[in-house]
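Below: one structure, written as C-alpha cells.
The values are calculated or read from the model by the stated rules, or taken from the named source; none is laboratory data. Keep in mind that what you see is a predicted model, and the values were worked out from it rather than measured. Because the Cβ atoms are built from the backbone with ideal geometry, glycine has one as well, and the counts that use them run over all protein chains shown. These area figures cover heavy atoms from the full protein model, side chains too; ligands, DNA and RNA do not enter into them. Shrake-Rupley method; radii C 1.70, N 1.55, O 1.52, S 1.80 Å.
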Amino acid sequence: MTDAVSIRMEKLLGGELSEQQLSTTKLSSIAKLLVVDMVPASSDTEAKE
Amino acid sequence: MRIEAIQMSWFRGAADPVSLESNCKSLVVYGENASGKSCFVDAVEYVLNNGKIGHLTHEYSGKHQGKAIHNTHKPKGQKTELRIRFENDSELKVVINSDGSFTSSGAETIAMNTWSYGRTVLRQDEVAAFIHDTKGGKYSALLPLFGLHQMEIAAENLRHLARSVEQKSKLKEAKIILSETKAKRTKTFGADSDDQILTKIEALHSSYCADQVATQDALSRCKNLQIAIAKRIEQFSADQRRYLALHEAGEIDLKSHVDAIREASAKLTDAVEPLISERLQVLEATGEFVKKLEDEKDVTCPACGRIIPVEAFQAHVKTEQERLREIINTFNARKTSIGTLCDNVKSLKSSLSKVDVKSWKEVLSKGPLADNLTSLDHADTEALRTACGEKDLKEIEEKLVPLLNTAAVDSKDAPVEVQKLSTDKEIVSVGKDTITAIYLAASAARAEVLISFINSLEQGVREEIRLRSEAVIGEISQDLCDMWAILHPDEPIEDVRLYLPENTDKAIDIGLKFFGVKQDSPRLTLSEGYRNSLGLCIFLAMAKRELDNDRPLILDDVVVSFDRNHRGMIVEVLEKCFNKRQVLLLTHDREWYTELRQQLEGKTWGFKTLLPYETPDIGIRWSHKTTTFDDARSHLKERPDSAGNDARKIMDIELALIAERLLIRLPFMRAFRNDKRMAHDFLERLVADGQKCFQKKVGTDYVTHSDALDALDTADRLLVSWANRAAHTFDVVRPEARKLIDSCEKALEVFKCTSCGKAIWFADAKGSEWVQCQCGEIRWRYGKG
C-alpha cells in the first residue's frame with residue numbers, strides 16, 4: 001500500500017466517509033483518486049498508465 | 001422533556017378539544033375499549049412519525065391517511081388540530097389538512113423530532129414486534145443506542161468504494177485482455193520470461209533501428225521497430241510482398257479457436273448465454289443477501305428463481321456458486337476464444353486485402369475458392385464478436401480456413417529474408433502486446449491490492465462496531481435480565497440476553513436458557529404471553545438506556561396477555577427503573593387500573609378515567625372521577641341491569657384491594673375461593689371490624705366513624721339485593737341501579753380523607769398499630785378485627 005493511499009484513506013475516514021452515505025458519483029471520484037495514488041511516484045511510465 | 005398536555009380537536013375519535021393533562025407527572029389512563037385512549041397515542045405517533053400512523057397504513061386510508069385521521073363527523077369549518085404542551089410551557093401545534101398532510105409550528109417541533117417513536121411508544125400489537133423482527137431489524141432498532149451511526153456509515157461507504165475502485169480500474173476488462181495476450185505470448189515466445197522477451201526486442205531494435213538511440217523504453221522500441229519493418233517491406237519487390245502477405249495469412253490460426261469455441265459451447269449447451277451473464281451479477285449480490293435472511297419461511301432464489309425454504313437457501317446458494325464456477329470458467333474461456341478468433345479473421349481480411357496479393361486473389365477467384373473469397377469479403381468481425389454461433393463457426397471452417405491453408409502452401413517457398421521479416425514482425429507485434437500486458441498486470445495487481453485494503457478497512461470498522469456493540473448490548477442485557485427477574489421471579493427461564501450472532505454483520509438476536517437449556521431464540525420455546533413479557537422488558541431496557549434524554553414512555557394496553565401475577569410486577573419495574581421518567585400508562589383493564597391506583601405513589605402519578613365513547617360528534621370525554629363508576633353509569637339509559645352488575649364488579653375489585661391494604665382478616669376458604677370473594681364478604685367484615693377500627697377525629701379524641709360505617713352498610717345492603725338481582729334476573733330498574741352506583745361510590749369515598757384528600761392507609765400512626773390519612777383526621781386500627 002502506498003503512503004498516498006494511506007494518507008488519503010485516513011483523511012476520508014475521519015471526514016466524508018463517516019459523515020453520510022456518499023453518492024455513486026462521489027465514490028467514483030474518490031476511487032479514481034485512489035487508483036492514481038496507488039501508482040508508485042518514481043515511475044513516470046507507470047504513472048501514465 | 002416531559003409532556004404536560006396532549007390536546008386534540010377532531011382528530012380520530014376526538015370532537016371538540018379534549019386534553020390529556022398530566023401536569024408533567026406520570027399518568028395512568030383507564031378507559032373501556034374504544035373510549036379513545038389510543039387516540040392520544042395516535043396523536044403522539046402522528047407527530048413523531050411525520051404525519052404517519054402505523055396502524056392506519058392501508059389501501060383505504062389515502063396517501064396521507066386523510067380518510068382515517070379526521071373525525072368522521074367533523075362539522076364544516078372546524079379544524080383538525082393537535083397541541084402538545086411541554087413542561088417548559090412551550091407548545092407544538094399541528095394543523096392537519098383535509099388530505100392528512102399537516103403544518104406544524106412551535107419551538108418544540110425540532111426537539112420532538114429527535115424522539116424515536118419505536119423507543120417512546122409501545123402499543124399492544126407492538127409488544128412482541130422486536131422479538132419477531134429479523135436479526136437485521138433488531139440491529140437497526142438498537143443501532144441508535146450504540147452511538148455507532150457514523151461507523152456504520154463508514155463501513156457502508158467503504159463497501160461501495162471497493163466496488164467503485166473495481167469499476168474505475170476496469171479490473172474485469174483487464175483480466176480478459178491479459179488472458180488473450182497470454183495465449184498469443186505462449187504461441188510466439190513459448191516459456192520465455194519477461195526479461196528474455198525484452199532482450200529479444202532490444203536485439204531486434206539494434207538490428208532494424210541501429211541509427212536510433214538505445215535508451216528508449218520497451219514500448220517505444222516496439223513502435224520504432226514496427227515503423228522500421230514497415231519501411232523494409234516497402235522496399236521489398238512485388239513478389240516478396242506477395243509472399244509476405246500470404247505467409248502472414250497462412251500463419252493465422254483459425255481452426256484451433258473454432259475448436260475451442262465449439263468445445264466451450266458444448267459445455268454451455270444447457271445454459272442460455274444472456275442468463276449466465278445476469279446470474280453472475282446476481283450471484284455476487286446473493287452472498288450478501290443470504291446473510292440478511294432469517295425469519296422468512298420461504299424465499300425466491302434471485303439466481304435461479306426457485307422458491308425454496310430459507311433454511312436450505314444458504315446451502316442452495318453455495319451449491320449454485322459451485323455448480324456455476326465451472327461454467328463461469330468455460331464461459332470466460334469461450335469469450336476469450338471468440339475475441340481472438342475475431343481478431344484473427346480481421347487480420348486475415350487485412351492481409352488478403354493488400355494490393356500485394358491482388359494477382360493471387362485473381363487466380364483464386366477463377367477457381368474453386370471463389371466463393372471463399374466472397375465469404376471473406378462479407379465477414380463481419382464485430383457481429384461475430386457479439387454472437388458467434390455454430391453457423392458462423394462452420395462458415396469460418398469451410399470458407400476461411402481453406403483460404404489461409406492455400407496461402408500457407410503458396411508462401412511455403414518464400415525467400416528466407418521474407419520469412420525472417422515476417423517472424424520478426426510477429427515478435428514485435430506480440431512483444432508490444434506483452435509489454436503492454438505487463439503494465440496492465442501491474443495496474444490490475446495494484447487495483448486488487450487497493451480493493452483488498454479497502455475491504456480490510458471495512459472489516460476493521462465492522463469489527464470495531466461489533467466490539468462496541470457487544471459492550472452496549474451487555475449493559476442492555478443486564479437490565480433486561482434484571483427486569484425479567486422482577487417480572488418472572490423463580491421461573492425456569494433465565495439468562496435472557498441480546499447477542500451478536502457469529503459470522504453475520506449487522507445482526508442481533510435474543511438468547512435465553514429454558515429449563516437450563518440454552519436457546520438461540522425466544523421463538524423456539526416461549527409462549528406468546530412470555531414473548532410479550534420479554535418484548536416489554538426489551539422495550540424498557542432500551543428505554544432505560546436513554547434515561548438522560550428524559551423522554552416520556554407511553555405504554556398503550558401492553559399487559560393484555562399478562563396474567564395477574566406477572567402484570568402486578570410491572571409496577572415494581574416501573575418504580576425501580578423509571579421513577580425519574582414520565583410514564584403514560586394506558587389500559588382498559590379495570591382491575592389493573594384499580595390496583596395501580598392503590599399501589600402507585602400519588603405524588604408522582606396521576607390517574608384519569610375516560611368516559612365510555614358515545615358518538616363521534618360527542619367525541620372523547622374525561623370522567624371527573626378517578627374511579628371507574630362512570631363505566632357503570634354509561635349503561636344506565638339502555639341497560640340498567642348491566643349498570644348494576646358493573647357497579648358490583650367494580651366494588652369486588654376495589655374492596656379486595658382495600659381489605660388487603662387494611663389487613664382485614666377473613667375466614668380461610670379452600671384453594672382459589674380465597675381469590676373469588678365478593679364485595680359483600682369484604683363489606684360485611686369492614687362494617688363489623690370498623691366498629692373498633694374505623695375512627696374519626698373529633699376535637700382531640702377519636703371516635704368510631706359512624707357515617708362511614710353507615711355508608712358501607714348501605715352499599716352492602718343494596719349490593720346484596722339489587723346487584724345480585726342485576727346479575728341474575730336482570731330486572732333492576734334505572735332508579736335502583738343509579739342509587740346502587742351512587743351508594744357504592746359513596747362507600748369507597750369514606751376511605752379518603754375529606755380534609756387532606758389522602759387515603760386512610762397513607763401513613764402509619766403509633767407504630768404498626770394504626771394507619772391514617774396524612775392529616776390524621778381518619779384512621780384504621782391496622783390488622784385488628
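Selection over segment B:391-431 of residues that are under 29 Å from B:LEU219 (Cβ atoms) and in contact with a helix residue (DSSP H, G or I) (Cβ under 7 Å, 6 or more places away or on another chain) gives a count of 11. Taken over segment B:84-106, the criterion of being closer than 18 Å to B:GLU4 by Cα and touching a Ser or Thr at 6+ places or on another chain (Cβ under 8 Å) is satisfied by B:LEU92, B:LYS93, B:VAL94, B:GLY106.
Collect the residues in segment B:452-471 that are of a type in the set (S, T, N, Q) and surrounded by fewer than 19 Cβ atoms within 10 Å (Cβ to Cβ), keeping them in residue-number order.
Of segment B:452-471, the ones of a type in the set (S, T, N, Q) are B:452, B:455-456, B:459, B:469.
Within segment B:452-471, B:SER452, B:ASN455, B:SER456, B:GLN459 meet the criteria.
For segment B:77-107, a residue qualifies if it is small (Gly, Ala, Ser) and under 24 Å from B:LYS25 (Cα atoms), and the qualifying residues are B:SER90, B:GLY106, B:ALA107.
Checking the conditions here, which among B:GLY690, B:GLY644 is touching a strand residue (DSSP E or B) at 6+ places or on another chain (Cβ under 8 Å), in a helix (DSSP H, G or I) and within 19 Å of B:LYS746 (Cα to Cα)? Don't jump to the end; show me each part of the working.
Working: B:GLY644 fails: touching a strand residue (DSSP E or B) at 6+ places or on another chain (Cβ under 8 Å).
B:GLY690 is the lone residue from the list that is touching a strand residue (DSSP E or B) at 6+ places or on another chain (Cβ under 8 Å), in a helix (DSSP H, G or I) and within 19 Å of B:LYS746 (Cα to Cα).
Kindly indicate whether any position in segment B:569-578 is under 20 Å from B:VAL127 (Cα atoms) and among the aromatic types (Phe, Trp, Tyr). Yes: one or more hits.
Condition first: more than 8 Å from chain B (Cβ to nearest Cβ), at pLDDT 90 or above and more than 11 Å from the chain's Cα centre (by Cα). Can you find one or more residues in segment A:32-47 that meet it? Explain how you work it out, then say what you get.
Residues of segment A:32-47 that are more than 8 Å from chain B (Cβ to nearest Cβ), as a first pass: A:33, A:36-37, A:40-44, A:47.
Cutting the leftovers down to at pLDDT 90 or above gives us A:33, A:36-37.
Right, trim to more than 11 Å from the chain's Cα centre (by Cα) and you get none.
No, the conditions are met nowhere in segment A:32-47.
The lone criterion from (1) in contact with a helix residue (DSSP H, G or I) (Cβ under 6 Å, 6 or more places away or on another chain); (2) open to solvent by less than 20 Å² (accessible area, probe 1.4 Å) left unmet by B:ILE493 is number (1). Considering (1) within 14 Å of chain A (Cβ to nearest Cβ); (2) of a type outside the set (D, E, K, R); (3) under 32 Å from the mean Cα position of the chain (by Cα), the lone condition that B:SER477 does not fulfil carries the number (1).
Restricting segment B:164-195 to residues that are open to solvent by less than 60 Å² (accessible area, probe 1.4 Å) and either free of Cβ contacts under 8 Å to residues at least 40 places away in the same chain or not in a helix (DSSP H, G or I) (or both), the residue that is farthest from the other protein chains (Cβ to nearest Cβ) is B:GLY190.
For segment B:505-538, give me each residue that is among the β-branched types (Val, Ile, Thr) and either in contact with a strand residue (DSSP E or B) (Cβ under 9 Å, 6 or more places away or on another chain) or crowded, with 16+ Cβ neighbours inside 10 Å (or both). Let's see the steps before the verdict.
Filtering segment B:505-538 down to residues among the β-branched types (Val, Ile, Thr) leaves B:508, B:510, B:517, B:525, B:538.
B:ILE508, B:ILE510, B:THR525, B:ILE538 - these are the residues of segment B:505-538 that are among the β-branched types (Val, Ile, Thr) and either in contact with a strand residue (DSSP E or B) (Cβ under 9 Å, 6 or more places away or on another chain) or crowded, with 16+ Cβ neighbours inside 10 Å (or both).
Can you name the residue in segment B:539-553 that is charged (D, E, K, R) and assigned to a helix (DSSP H, G or I) and, of all such residues, is surrounded by the fewest Cβ atoms within 10 Å (Cβ to Cβ)? Top of the filtered list is B:ASP548.
Among the residues of segment B:39-47, are any touching a residue at least 60 places away in the same chain (Cβ under 8 Å), more than 23 Å from B:THR626 (Cα to Cα), open to solvent by less than 40 Å² (accessible area, probe 1.4 Å) and not hydrophobic (A, V, I, L, M, F, W, C)? Can you show your working first?
Of all residues in segment B:39-47, those touching a residue at least 60 places away in the same chain (Cβ under 8 Å) come to B:39-41, B:44-45, B:47.
So of that shortlist, the ones also more than 23 Å from B:THR626 (Cα to Cα) come out as B:44-45, B:47.
Narrowing further to those that are open to solvent by less than 40 Å² (accessible area, probe 1.4 Å): B:44-45, B:47.
Now drop any that are not not hydrophobic (A, V, I, L, M, F, W, C), which leaves B:45.
Yes, segment B:39-47 contains a residue that is touching a residue at least 60 places away in the same chain (Cβ under 8 Å), more than 23 Å from B:THR626 (Cα to Cα), open to solvent by less than 40 Å² (accessible area, probe 1.4 Å) and not hydrophobic (A, V, I, L, M, F, W, C).
Going by the structure shown, is B:VAL430 within 18 Å of B:HIS247 (Cβ to Cβ), surrounded by 16 or more Cβ atoms within 10 Å (Cβ to Cβ), β-branched (Val, Ile, Thr) and modelled with pLDDT under 90? When the stated conditions are applied, B:VAL430 does not pass them. Exactly one residue among B:LEU158, B:LEU198 is within 14 Å of chain A (Cβ to nearest Cβ), part of a helix (DSSP H, G or I) and under 34 Å from the mean Cα position of the chain (by Cα), and that residue is B:LEU158.
Looking at B:HIS705, B:HIS680, which one is touching a residue at least 40 places away in the same chain (Cβ under 8 Å) and either hydroxyl-bearing (Ser, Thr, Tyr) or in contact with a strand residue (DSSP E or B) (Cβ under 6 Å, 6 or more places away or on another chain) (or both)? Let's see the steps before the verdict.
On the way: B:HIS680 fails: either hydroxyl-bearing (Ser, Thr, Tyr) or in contact with a strand residue (DSSP E or B) (Cβ under 6 Å, 6 or more places away or on another chain) (or both).
Result of the check over B:HIS705, B:HIS680: B:HIS705.
Within segment B:437-451, the set of residues being crowded, with 19+ Cβ neighbours inside 10 Å, more than 10 Å from every other protein chain (Cβ to nearest Cβ) and farther than 16 Å from B:ALA162 by Cα comprises just one member, B:ALA437. May I ask you to list the residues in segment A:1-29 that are under 16 Å from B:VAL449 (Cα atoms) and facing another protein chain (nearest Cβ under 10 Å)? Scanning segment A:1-29 gives A:MET1, A:THR2, A:VAL5, A:SER6, A:MET9.
Take residues that are open to solvent by 70 Å² or more (accessible area, probe 1.4 Å) and more than 25 Å from B:ASP433 (Cβ to Cβ) and tell me which of the helices (runs of 4 or more DSSP H) falling wholly in segment B:343-394 contain 2 or more.
Numbers: elements: B:358-365, B:370-378, B:381-386.
Once the helices (runs of 4 or more DSSP H) in segment B:343-394 are filtered for at least 2 residues that are open to solvent by 70 Å² or more (accessible area, probe 1.4 Å) and more than 25 Å from B:ASP433 (Cβ to Cβ), what remains is B:358-365, B:370-378.
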